[in-house]
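Novice: Quick one: the structure is below, questions incoming.
The values are calculated or read from the model by the stated rules, or taken from the named source; none is laboratory data. As the structure is a computational prediction, the values presented were derived from the model and not from experiment. Note: ideal-geometry Cβ built from the backbone for every residue, glycine included; neighbour counts use all protein chains shown. The protein model used for the area step is the full one, side chains on, heavy atoms only, and it has no ligands, DNA or RNA in it. Shrake-Rupley method; radii C 1.70, N 1.55, O 1.52, S 1.80 Å.
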Amino acid sequence: MRLTSRFFPFALALPFAAMVGCSSSSSTGTDIPDGATSDDAATAGDGPALDGGPLKDGATTGDSAVTDGATTADGSGDGGTVDANVPCGEAAAAKCADGRTCVKDADCTSDWCNAANVCEAVGPAAHADGRKNAGETGIDCGGTALPKLCVGGQACVDDGDCEGSCVQNTCTAGTRTDGKVTVSLGETDVDCGGALADADGVAAAACIAGQKCLAATDCRSGGCDANGLCTGFLPGVKDGDETDVDCGGVLVNPDTGAVAPRCDDQKSCADDGDCKSALCNLRTMKCTAGVSCKNRANGGETCGVGEDGAEDCCESLPLPGTPNVRLDRYEVTAGRVRAFVNAVGPNIRGWVAAQIAADPNGKLAKQLPPRLRTLLPATASGELGANIQLGALTMDTDRPSEQGSLQGCYIGNGAYGHSTYGFDAATYKSLYGAANFSARISQNETDKKSMNCAPYWMAAAFCAWDGGFLPTYEEYIQVWAKKPNNSLQTFPWGADAVGKVFDYLNVQGIQAGRAPIYNFPLFNWANDEAGLIASPGRFPDDATTITSADGRAWYDIGANMMEYTAIELDYARYGVAGWPAAGFDVDAANAPRAFCDVTAATPPVGSPDRCAVVSGNTTNYGKIRGAGAGTPEDPYGMYRTRWMGGSWEVHGVGTRWIGAQTQYGKAGWRCARPAN
């Protein structure tokens, strides 16, 4: 038996002969005190005890010899008897087989000395002991510990040992795009799961159906099943990164490879890409049909019942007869038109020209004949300026009211004007002169109200910019209630009798001797009558009985504003003029009629372009606009369009033909647009 100073520091005091005697004795125990008898039954050649030291007196080793011809515990075999108690580990040349005692991992052939100081075959516990051993390249990772990969900074042999790469026998950190399961980043499957970004700032990706997960947050669908696998998207449920039920989120569904559905209008969204319209209102986080409502408060999301109405003013519903066409639920607001002017600028003529050049056979080209395109504004001020055509002044003071009327668009003391597109004081002063009249109601409030005092061609241009077009008469009447014989009811809500018409509609009844039933914000009518015009949707009874497939109605079809409908150039239908005979303006003698623009510089006396409008004792001179060549292809006369519905100022609910140049405080429009 070998005695060492490691366990017995007093052994150095023994005489050399005594040490030799102990090493050759048949007793392998420690020295027996004087007079004692050894009961050590061990045989010579016994190996060290469990801790590598001497056996207790009288004890046996407990080691069993390997039978002749068998293989030793350390895997060697000599074909004959081998003593398994041969010293191993520590300073011995041989490493210890499994089951032998040990002090450190290096003592063992398995390279693992367990917590009981016994060599043991490598198993899971070996790779969880906080040491680099058992064939690992790093601490509890790499080598035999695979698939447990080593994090950055640990030792390695090749890339297979590391979450990242093996560079000069040292692992680099794993990333979110390295094609491995980077556990240190929380990944539960290859490049997905967890929440941590990598060192390059690449965010965590969610796992797709069938990949491994630990929690629902690891999965794109938001579902991790009992087997630790991500589930797929479920129908009828808002799951994963969907922004609403079964729509939005990643464009291509990685579970199926199919294009994920985009969301309809009014559905929740995170950005434009979530919406069929490609328009996400980042104020409401809802998809919207028109660009004019995107991120716009006043006039964009202020429609509906009550002065705190918060409905999307661009909401649009499929028509019952032509579901590939939608008609907006609400009239266009002044605020939406302001968004158009802010985006395009005053040169609306140039913008329209570019659109028609890009699509010469499109809706805009059909709804704006060439002669009307020349009347669009190209500048903010001056002749045909945008400020004039947005309602600060009226070009034709003879239509529809005659003899010099400003058609309710002029805002001034005692004028009863009610233009809803407000301007600053400087603009009014430049147009009206030193009197410097200005709107009394704030622009924020009038922007919520239905737009008025703009000519037909401005309406057509706006709807095109907003992603749609003006509705035709045939499209418009699809939402008007019909009798059993298919003729139109008197009112959109279906009642033939007048009944509660003043309550159903925004009809003030001033001219019928009734007090206004709507005035917001309250102001002296004589100086600013715009308060009598409602924001779209304020009168819930003025809702159509005809609804969309999901039961929603259209509002203000009966009144608030009379509304423009489009006449489209159609030579096959209307002949060489491309426009119906009823669609050309005529005078009292049924002669074709252009119009006199009293806002233009007056041509010299004798000029064929000079015109006059007489109002009592006053004559206003101007310039003739809208005259054609006097040929069948280009008749000498202004185009007319068909107006629908009644107005807040007691215009009867019905239909009428009015010149396209007309700017009227009781007329506006709504847009139609393609289905999603």
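Novice: For a distance above 24 Å, tell me the whole-number percent of Cα pairs in region 376-474 that qualify.
Specialist: 24
Novice: Let me ask another. Quick query: amide H of Asp585 versus all other amide H atoms, modeled in the peptide plane; which residues come in under 5 Å with a sequence gap of 5 or more or a different chain?
Specialist: Arg593, Met638, Tyr639, Arg640
Novice: Oh, and also: Counting only the heavy atoms of the protein chains, how much of Thr322 is accessible to a 1.4 Å probe, in Å² to the nearest 10?
Specialist: Probe radius 1.4 Å; accessible area of Thr322 about 50 Å².
Novice: Would you check the accessible area of Ile139, probe 1.4 Å, heavy atoms only, in square angstrom rounded to 10?
Specialist: Near enough 80 Å² of accessible area.
Novice: If one computes the Cα centroid of region 102-161 and of region 582-641, what distance in Å separates the two points?
Specialist: Region 102-161 and region 582-641 have Cα centres separated by 98 Å.
Novice: In sequence order, what are the phi-derived ³J(HN,Hα) couplings for region 342-349 according to the Karplus relation 6.51 cos²θ - 1.76 cosθ + 1.60 with θ = phi - 60°, rounded to whole Hz, with x for glycine and proline?
Specialist: These are the phi-based 3J(HN,Hα) values: 5, 7, 8, x, x, 7, 5, 4 Hz.
Novice: Based on the Cα atoms of region 518-676, what semi-axes does the equivalent ellipsoid have, where each is the square root of 5 times one gyration tensor eigenvalue, given in whole Å with the largest first?
Specialist: 34, 25, 12
Novice: Moving to a separate point now. For a test of the definition: using alpha carbon positions, the gyration tensor, and the 1.5 limit on a/c, classify region 559-605 as rounded, prolate or oblate.
Specialist: oblate
Novice: From largest accessible area down, sort Asp308, Asp161, Asp424; use a 1.4 Å probe on the protein chains.
Specialist: Asp308, Asp424, Asp161
Novice: Using alpha-carbon positions, what is the distance between the centroids of region 308-374 and region 283-305, in Å?
Specialist: Going from one Cα centre to the other spans 16 Å.
Novice: R0 = 41 Å: FRET efficiency of Ala115 with Ala310, Cβ-based, nearest 0.05?
Specialist: 0.05
Novice: On a 1.4 Å probe surface of the protein chains, which of Lys104, Lys180 comes out largest in accessible area, and what is the full order?
Specialist: Lys104, Lys180
Novice: For region 104-236, what % of the accessible area comes from carbon and sulfur atoms, probe 1.4 Å?
Specialist: Carbon and sulfur: 60 percent of the exposed surface of region 104-236.
Novice: Also, quick follow-up: Provide Ser535, Ser165 ordered by accessible surface of protein heavy atoms (probe 1.4 Å), highest first.
Specialist: Putting Ser535, Ser165 in descending order of accessible area: Ser165, Ser535.
Novice: As a test question: what accessible area, to the nearest 10 Å², does Ser607 have when a 1.4 Å probe is rolled over all protein chains in place?
Specialist: Rounded to the nearest 10, that gives 30 Å².
Novice: Using amide H atoms built 1.01 Å from N in the peptide plane, name the residues 5+ places from Cys108, or on other chains, whose amide H lies under 5 Å from its own.
Specialist: Those lying under 5 Å, H to H, from Cys108 are Cys96.
Novice: Under 26 Å between alpha carbons, and skipping anything fewer than 8 positions from Lys212 in its own chain: which lysines qualify?
Specialist: Lys148, Lys180, Lys238
Novice: Taking Rh as the Kirkwood radius computed over C-alpha pairs, what is the Stokes-Einstein D of region 418-490 at 20 °C in a medium of viscosity 1.002 mPa s, expressed in µm² per second?
Specialist: 137
Novice: Long-range amide H contacts for Ala454: which residues qualify at under 5 Å (H placed 1.01 Å from N, peptide plane, sequence gap of 5 or more or a different chain)?
Specialist: Tyr664
Novice: Of the beta bridges DSSP finds with both residues in region 231-332, what % are antiparallel, to the nearest 5?
Specialist: 90
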